[in-house]
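Scroll down for the structure; my scribbles are underneath it.
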Amino acid sequence: MFEFKFRMPTTVIVGRNCLVKNSKKLRGLGHKCLIVTGLQSSKLNGSLEDSITALENENIKYTIFDEVQERPTLETIEKAYQENKGNSIDFILAVGGGSAIDAAKAISILFKNQIQAKEILSLKNLEGIPIVAVPTTAGPGSETTPYSVVYLQEEGTSRSTGQRIFPDIAFLDARYTLNKPYDITTCTAVDAFSHLAEGYLSTKANLLTDTLAEKGLRLFGDCIEPLRKKDCSIEVREKLLMASSIGGMVISQTGTSLPHGMGYVLTAEKNVPHGVANGLLFPGYLKNFRNTDKLERLLHLIKVNSIEDLSDILKEILNFRNISLTDAEIKKYVDDILSSEKKLKNHPERVSRQDLSNIYKTMLRKEES
């Protein structure tokens, strides 16, 4: 329990208007900034305006790249670099959800190493220029993780770059999540829960990750009843954003486990939103634990009596019932999981082909009925 490593180099600043109030934190990062964001959301929720104000307060010049898609591609990352490599960019300010922050991490590597986007998938231990993260979604936790996931168009799959790039600073202001509709709010909230729970139940869990995960799980538990009542007030959103960032801190040490490994294919092939896929798989995943001591503690932390109750809650707030899988698809997906040791290594107990099949069958086919 007391032999582990923990590295969290991101400075986290929390509170309403925290970016503008703490704009002086940007001074030491450089004289020219590239703002990386998506097409619309940051312009509608005020985060882009605040980012510009913060930079202008410190007389930092900036340029904007606002073409990041929901699943950022290598082509988009390459475009952001090529269009701005002559602009003497010192640091990147990533404004948006996990996609914008993930893209910014990859783009920062290109600026630091002056390479092509495709090379980040093969070269090892690359560093990037500094990144400031301004998350506008409570769920992915990308602002406190070193991971960057990109979409490979030719393969039709998402893949981690394999690099470890932590943002230097993360500004957490839940006001930027206020315009998120209920279905996105719950979908991303369940993603945050899955990070916390998978990290808590991981073989890589340790004293510090458990301490963080337990607080994050309590915060998520506090939000369950409000979400069931469709209460998405600023107070609820602040708890969810904090739980999300804590979840990021946890999985930056532990990684994720079976629900993420099994859920990615549902997003890629069935267009199931990431958080929904995790949520539907989670009860089946939890039923595979034979040692239930820590599982029971987890349920207590989120104020849920049983796995069955958790299943009902997740189905209620996610309200997603349009999934069907054939036996051949389930076999294909299970074969993929079994062929990748890294997708299994964080689960503390041995799982069989039948165990994995049952997770898909009990949850996904039940949704079809």
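A few notes on this one:
- Hey, residue 34 assigned to a helix (DSSP H, G or I), in contact with a helix residue (DSSP H, G or I) (Cβ under 7 Å, 6 or more places away or on another chain) and at pLDDT 95 or above or not: no
- Taken as a whole, the condition of being surrounded by fewer than 24 Cβ atoms within 10 Å (Cβ to Cβ), in contact (Cβ under 8 Å) with a residue 40 or more places away in the chain and of a type in the set (Asp, Glu) applies to residue 183.
- The listed residues are 241, 266, 219, and the only one of them that is within 17 Å of residue 310 (Cα to Cα), part of a helix (DSSP H, G or I) and either aliphatic (A, V, I, L, M) or in contact with a Gly (Cβ under 7 Å, 6 or more places away or on another chain) (or both) turns out to be 219.
- Those residues of region 120-149 which are of a type in the set (A, V, I, L, M, F, W, C), surrounded by 24 or more Cβ atoms within 10 Å (Cβ to Cβ) and over 19 Å from residue 241 (Cβ atoms), in sequence order: 120
- The single condition among (1) in contact with a helix residue (DSSP H, G or I) (Cβ under 9 Å, 6 or more places away or on another chain); (2) in contact (Cβ under 8 Å) with a residue 40 or more places away in the chain; (3) open to solvent by 20 Å² or more (accessible area, probe 1.4 Å) that residue 268 does not satisfy is (1).
- Sole exception among (1) open to solvent by 40 Å² or more (accessible area, probe 1.4 Å); (2) in a helix (DSSP H, G or I); (3) among the hydrophobic types (A, V, I, L, M, F, W, C) for residue 282, by number: (1)
- One residue from 304, 351 being over 27 Å from residue 227 (Cβ atoms) and open to solvent by less than 40 Å² (accessible area, probe 1.4 Å): 351
- Long-range neighbours under 6 Å by Cβ, at least six apart or interchain, first residue within 14 Å of residue 267 (Cα to Cα) and assigned to a loop (DSSP other than H, G, I, E, B) within region 146-164, second at pLDDT 95 or above and open to solvent by 50 Å² or more (accessible area, probe 1.4 Å): none
- Output for region 57-93, where each listed residue is in a loop (DSSP other than H, G, I, E, B) and touching a strand residue (DSSP E or B) at 6+ places or on another chain (Cβ under 9 Å): 60, 69, 70, 71, 72, 87, 88, 89, 90
- Test result for residue 105, under 20 Å from residue 248 (Cβ atoms) and not hydrophobic (A, V, I, L, M, F, W, C): yes
- Among the residues of region 328-352, those identified as free of Cβ contacts under 8 Å to residues at least 60 places away in the same chain and assigned to a loop (DSSP other than H, G, I, E, B) are 339, 350, 352.
- Odd one out for residue 224 among (1) β-branched (Val, Ile, Thr); (2) closer than 26 Å to residue 96 by Cβ; (3) touching a residue at least 60 places away in the same chain (Cβ under 8 Å): (2)
- Number of positions in region 36-59 that are open to solvent by less than 50 Å² (accessible area, probe 1.4 Å), among the hydrophobic types (A, V, I, L, M, F, W, C) and under 20 Å from the mean Cα position of the chain (by Cα): 1
- Tallying residues that are among the aliphatic types (A, V, I, L, M), open to solvent by 20 Å² or more (accessible area, probe 1.4 Å) and under 15 Å from residue 193 (Cβ atoms) within region 234-263 yields 2.
- Among the residues listed as 231, 210, the single one being surrounded by fewer than 22 Cβ atoms within 10 Å (Cβ to Cβ), in a helix (DSSP H, G or I) and either among the acidic types (Asp, Glu) or within 16 Å of the chain's Cα centre (by Cα) (or both): 210
- Search result, residues across region 87-107 that are within 11 Å of residue 148 (Cα to Cα) and not β-branched (Val, Ile, Thr): 98, 99, 100, 102, 103, 104, 105, 106
- Boolean, residue 364 is under 17 Å from residue 285 (Cβ atoms), of a type outside the set (D, E, K, R) and at pLDDT 80 or above: no
The values are calculated or read from the model by the stated rules, or taken from the named source; none is laboratory data. Treat the numbers as computed from the prediction; the structure is a model and nothing was measured. Heads up, the Cβs are rebuilt from the backbone with ideal geometry, glycines too, and the neighbour counts pull from every protein chain shown. What goes into the accessible areas is simple: the full protein's heavy atoms, side chains included, and nothing from ligands, DNA or RNA. Shrake-Rupley method; radii C 1.70, N 1.55, O 1.52, S 1.80 Å.
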